[in-house]
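Nothing in this text is a laboratory measurement; each read-out follows from the coordinates by a stated rule. All figures in this text were calculated on a predicted structure; none of them were measured in a lab. Methodologically, a virtual Cβ is constructed for each residue, glycine included, from the backbone with ideal geometry; neighbour enumeration extends over all protein chains shown.
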Amino acid sequence: MNRYRWCIVALGPLIGLAASGATPLRAAEPSTLVWAEAAEPATIDPAKVNVNQELTVARNVYDHLTNFELEHPDHLLPALALTWKRDGTDWTFTLRHGVTFQHGQPFTAADVKATIDRDLAIGQGQSYLVSDIKQVTVVDPYTVRITTQQPDVYLAANLSRIEIMSAADIAAHPKDHGEAYFTDHANGTGPYSFVSWTRGEQIILQRNTHWWGHFPDKPFDRVIDRFVTDAATRARGLEGGAYDLANFVPRDEALRIGHLPGFHLVEGNNLWAWPAIYLNNTLAPTSNIDFRDALVKVFDYDAMTQYYQGSSVTPRGPIPDWVPGSPEKDLAPIKQDIAAAKAALDKSGVKNPVMTCSVPSGFAEFAFAGTVLQASAAQIGITVKIEQLPFVQAIDAIKSNHSNCFILGNANLSPVDATKFLAAHYTTGGYYNTAHYDNPAFDKLVAQISSVTDPQQRYDMLKRASQMIIASHSIIWAARPKTDVPVPNHIGGYRIDPAEYINVRLWELYQK
Amino acid sequence: MLGLLARRGAWSLLILFVVATLTFFLSRVVPADPAAFLAGQNASPEAVARIRAEYGLDRPLLSQYVAYMGGLLHGDFGRSIRTNRPVAEDLRAFLPATLELLIFSFVLYLLASWFLAILAVRWRGGWVDGAIRVFTMLGSGIPVFWLGMALQFVFFYRLGWLPIGGRFPIRAIPPPPVTGFLLIDTLLAGNLHAFGQALAALLLPAAAIVINLLAVGTRMSRAALITEYARPYVRTARGKGAGPGRILYRHVLRNAIAPVLAATSIQFGYMISWVILVEVIFDWPGIGLYAYQSFEVFDYAPVVALAIVSTLVFLVISLGLDLLYPWLDPRMREATS
Amino acid sequence: MSGSALAIRRARRLPPMPPAIVVIAWLAIAVLLLFALVPDWLAPHSPIALDILHRLQPPGLAHPFGTDEAGRDIFSRVIYGTRYSLGLAIVIVFSAALFGVAYGAISGMAGRRLDNLMMRVVDVFFGFPVLVLALAVAAALGRGLSSVALALGVIWWPGFARLVRGEVQRIRERPHVEAARALGVRGVALMRRHIIPFVVQEVNVRVTTDIGYALVAITALSFLGLGAQSPTPEWGLLIRDSRSYFGDAWWYLVFPGLMVMLTTAAFSITGDWLARDRHLGRGG
């Protein structure tokens, strides 16, 4: 056997090194948290951040003027602003003293003005939440006045989503509003500071020990925001301990992992996991309102409820009952009714209908809603072709009118203002208005709501707006589940933010 | 020799030109607007128009093509919409990871196929020979992504021996980048433990690639060995009293490797194709994953760049193998000198 | 052929494959062809009807391969999927073979310059990474099995062209071809009667083995979402869909994968069997 000995001599040390390199799965330094993100951000510029993975960095590195209670989103909390009051179109905020940016500059009213001016000038990202702002005035270093076009009762709440940057940074990068610089540089007043970004791999954040806010005992000193694009890998890595927390774990996997020893489930309200099927109003056969009516009535809502294993209800309209001011309880339930669906199909006069549906891939829940639509529609002779595409390609297919239907989870980033959600999803020109729903009366109604001071009147208006969308049969609200996130038992403090994609508030987490 | 190099070089350039042109036009037939993606939700029409102009997307296709090819001459692969950076810069960041995985897999493939071939020839016609054949054949039928998941499941999830993905342990600090190849950088940093960590991360993705190709590799090597063993010089050497080990390593192996190596460039081509799948599964931050994610958001430039770069890598490797062939084969070396 | 040359050729033969295995492979292929041709006779359940109450059931008597997230019978889906996965593989390899043989034969018979040019064209396709081509085709024509067929077809024919050209160049030096040429047989007739018959055997072997590899490639593209679309029960798509449920339902991932592996193996074994003594019949 001596002829093979050289192989062993050569390979032995290599195998030994590899074995020594196969590190134990959980790290020796427990104060590091690994968060498995579903994708790499394109930017961390607060004026442009838009999607979940970009918000992770922005939300934790920067602070906001206000904050809110997750359990009662209409109860605002102080953050960089201590008090605020509205007088007609003017909001006045008094600011916190003694706050400094991570790079050392003190925080003042000039920072608020520079930030909002920049957001509005760029006109991307979350600027739609504050697009009503006409002018920002520095009254004194710790008082800022914000003037809106029309009275806006929701402005203080919506500012809980606007990250405040440093005026000095903005002034230092005047070219193109510093878009190139802020794409991968960050300097906020928030609980974590930005350390590094290794492209294709991870972003590292470090705890800001000078933060004005309050950390729990044993917080995480270092956070690794790891980009793990494959959902199954995220689930497996969370379960195996390679990641401490993971975003968008497929639902069945999340429930199973959450029930394993060493894990628990955190349940909460969140719009994202809620699949809604948008029916294109401008492409045959879904351009026919009776045909859409047939689809809404034939859909098997019970199949969705069974899929969610009891943690889901069938929605009655666009605004969940847990959103402050929701008219949901006054709306009629929506149920499957095959006979009525057949009648609607007959009335529509569409013969041998075939329709295509573009579904964003990577989310098992959306794919399942598509499967249910396909099987339900087949019962009355409608053929539904499904095309699973990456998100951008799927939404492009329906926006360019190449597809009859689109399935989307929802997001309302404002804690109280449902009109921003309605505007994005149902008004003409709204980015997510993939049903191509076009109703000037609806647009006008939604635009007025935020200027109405009487809550009862706002309630009635929201109800009327909801009824308009329901009557157009443009949307199949397939299910409204609770969101369940599996969390390892060594991590405490995880909560689900209802006014967010499913995400993480790093400053609330601690080691157990 | 120089003439051959010049001819091959010129031909390679032409191939690259064709590949670049083909992928450029194919990827731009899409009726989609990447600028709308880049601007994001609720962006004003002016913002979208500004971005379109910035990326030259408002110009006619042919003028975009001319500009792109002109840029290529200067090593400019255009700008990625997704990462907001020049593609060339991204390639510099991501290419070493892919090359390291490819080269490591290739070496592993050569070692494993020759090792199995030697075993098969040693017990030719016996059950070892048969078993190797059956296992490599089954291996060639396993889809590479399925195998990758199975390996993850066993070696990460069940046994906990190897990492689930990535090039380096998540929580560890990688060595200062010099070459971008972690196996080399860790050694340059004098950190053997880190070298082992990088090696451990390479094992599963490389195995997923290699197992698929072993059937062909082992078969070729086995045939070459048998051919060499039947040559008269082996009998002569045996007559002179050389032991089996000496005959194998001094004579047979050296002569058998050259012809097989020349046929290996095709296998390398397959590896390049599979690498995207492996990078997706193992979260390997290479150009495959980079281009695939870009493709998902209509970001064309990285896809075209991937086509050009992988064709280039293939051409360089096959040229290298062709040049290596006469140098490795003692008979040809004698003939030329 | 000298004695030692014959010995080498014999020795090169593949290790013996027990006849039983070959027969099993044939049976497997026969069953697969039945699956593809008459799935509705063989599948116990509908491949698309939902049964949410019985979702993610483990393998058992009612569902030999278990059920998926919508309660569909995976065994039935695999049977129906054969038509798409294997059927498409066969179509791709056959069309690639037809084109590749014609191309290779012309190149092999042509003069040096034309041959050189034709082979350089082949080189372009050899270097082209198939996944990138598939991405580009999917971007241009949309996702679906037809895009997959196009991308793989374009990638597949050069292998046949190169193989056939080599064979043709070898065979055309043989005495019987020289004799036919001396008798004035030229062009298509020479090719059809005196060359192609000798190439066919090699091509048959290659076609058989390649069907398995094409199948693997199709499932890979479907896995990336470029190929079949729901609810087509294509095997690669089944594997893709199964990933979100792997922890709950291993069977959902494992059985479609095993089908790919065993199908490929069956075709490889048959290909080897076809090739069993071609080395003896050649040369001289």
- Message: Once you compute Rg and the Kirkwood Rh from C-alpha atoms, what is the Rg to Rh ratio for segment B:1-119?
- Response: 1.14
- Task: Within segment B:63-94, find all residues whose amide N lies under 14 Å from a label point positioned 7 Å from the Cα of B:Phe25 along Cα-to-beta-carbon.
- Result: B:63-66
- Could you give log10 I(q)/I(0) at q = 0.04, 0.06, 0.09, 0.10 Å⁻¹ for the protein assembly as shown, computed by the Debye formula over C-alpha point scatterers of equal weight, without solvent? -0.24, -0.53, -1.13, -1.36
- Message: If I model a spin label as a point 7 Å beyond the Cα along the Cα-Cβ vector, how far apart are those points for A:Arg145 and B:Arg238 in nm?
- Response: 10.4
- B:Asp58 versus C:Ala49: modelled label distance in nm, points set 7 Å from Cα along the beta carbon direction: 5.8
- Query: Label B:Trp123 and A:Asn352 with points 7 Å out from Cα along Cα→Cβ: what is the distance between them in nm?
  - Reply: 6.4
- Item | Taking A:Phe421, B:Phe145 and counting other C-beta atoms within 10 Å, the order from fewest to most | A:Phe421, B:Phe145
- Query: With a Cα-only, solvent-free Debye model of segment B:144-300, what are the log10 I(q)/I(0) values at q = 0.09, 0.10, 0.20 Å⁻¹?
  - Reply: -0.47, -0.56, -1.17
- Message: Using DSSP H assignments, which helices in chain B have an axial alpha-carbon span of 30 Å or above and a mean Kyte-Doolittle hydropathy of -1.0 or higher?
- Response: B:2-28, B:87-122, B:192-229, B:300-328
- Item | Estimated [θ] at 222 nm from DSSP helical runs (n ≥ 4, -39500 (n - 2.57)) normalised by residues in chain B, nearest 500 | -23500 deg cm²/dmol
- Hey, with R₀ at 60 Å, roughly what FRET efficiency would C:Arg192 and A:Ala441 work out to, going by the Cβ-Cβ distance, to 0.05? 0.20
- Could you tell me which helices of chain C pass both thresholds, a Cα extent of 24 Å or more along their own axis and a mean Kyte-Doolittle hydropathy of at least 0.5, with helices taken as whole DSSP H runs? C:19-37, C:74-109, C:145-171, C:196-223, C:250-274
- If you take the charge dipole of chain C about its Cα centre, with +1 on Lys and Arg Cβ and -1 on Asp and Glu Cβ, which of C:Gln229, C:Gly127, C:Pro44 is farthest toward its positive end? C:Gly127
- Message: If you scale each eigenvalue of the Cα gyration tensor by 5 and take the root, what three semi-axes come out for segment C:183-284, rounded to whole angstrom and sorted largest first?
- Response: 42, 16, 7
- Message: Restricting to DSSP loop positions (anything but H, G, I, E, B) with no more than 11 other Cβ atoms inside 10 Å of their own Cβ, which GluC sites (Glu not before Pro) remain in segment C:142-222?
- Response: C:Glu173
- log10 of Debye I(q)/I(0), alpha-carbon scatterers only, for segment A:28-179 at 0.08, 0.10, 0.11, 0.20 Å⁻¹: -0.23, -0.36, -0.44, -1.38
- Task: Among DSSP beta bridges lying fully in chain A, give the percent that are antiparallel, nearest 5.
- Result: 75
- Query: For segment A:173-248, what is the largest minus smallest coordinate of the Cα atoms on each principal axis, given in angstrom and ordered from greatest to least?
  - Reply: 46, 33, 18
- Query: What do you get when you divide the Cα radius of gyration of segment C:93-177 by 2.2 N^0.38 Å, with N the number of residues?
  - Reply: 1.26
- Item | 10 Å binning of all Cα-Cα separations within chain B, expressed as whole percents from 0 upward | 5, 20, 26, 25, 16, 6, 2, 1, 0
- Item | Cα-based Rg / Dmax (Å) for segment A:374-463 | 16.3, 49
- Note on the structure: With a Förster distance of 56 angstrom and the Cβ-Cβ distance between C:Arg112 and B:Leu192, calculated FRET efficiency to the nearest 0.05 equals 0.50
- Message: Can you give the FRET efficiency to the nearest 0.05 for B:Ala263 and B:Arg7, using r as the Cβ-Cβ distance and R₀ = 25 Å?
- Response: 0.75
- Query: What do you get for Rg/Rh of segment B:233-334 when both radii come from the Cα atoms and Rh is the Kirkwood radius?
  - Reply: 1.24
- Message: Could you tell me which residue out of A:Val99, A:Phe215, A:Ile133 lies farthest along the dipole of the protein assembly as shown toward its positive end? Charges go on the beta carbon: Lys and Arg +1, Asp and Glu -1, centred on the Cα centre.
- Response: A:Phe215
- Message: At a 10 angstrom cut-off on C-beta neighbours, averaged per residue, how do the peptides A:501-510, A:57-66 rank from highest to lowest?
- Response: A:57-66, A:501-510
- Taking a ≥ b ≥ c as the square roots of the Cα gyration tensor eigenvalues, with a/c under 1.5 meaning rounded and otherwise prolate when a/b beats b/c or oblate if not, chain A comes out oblate
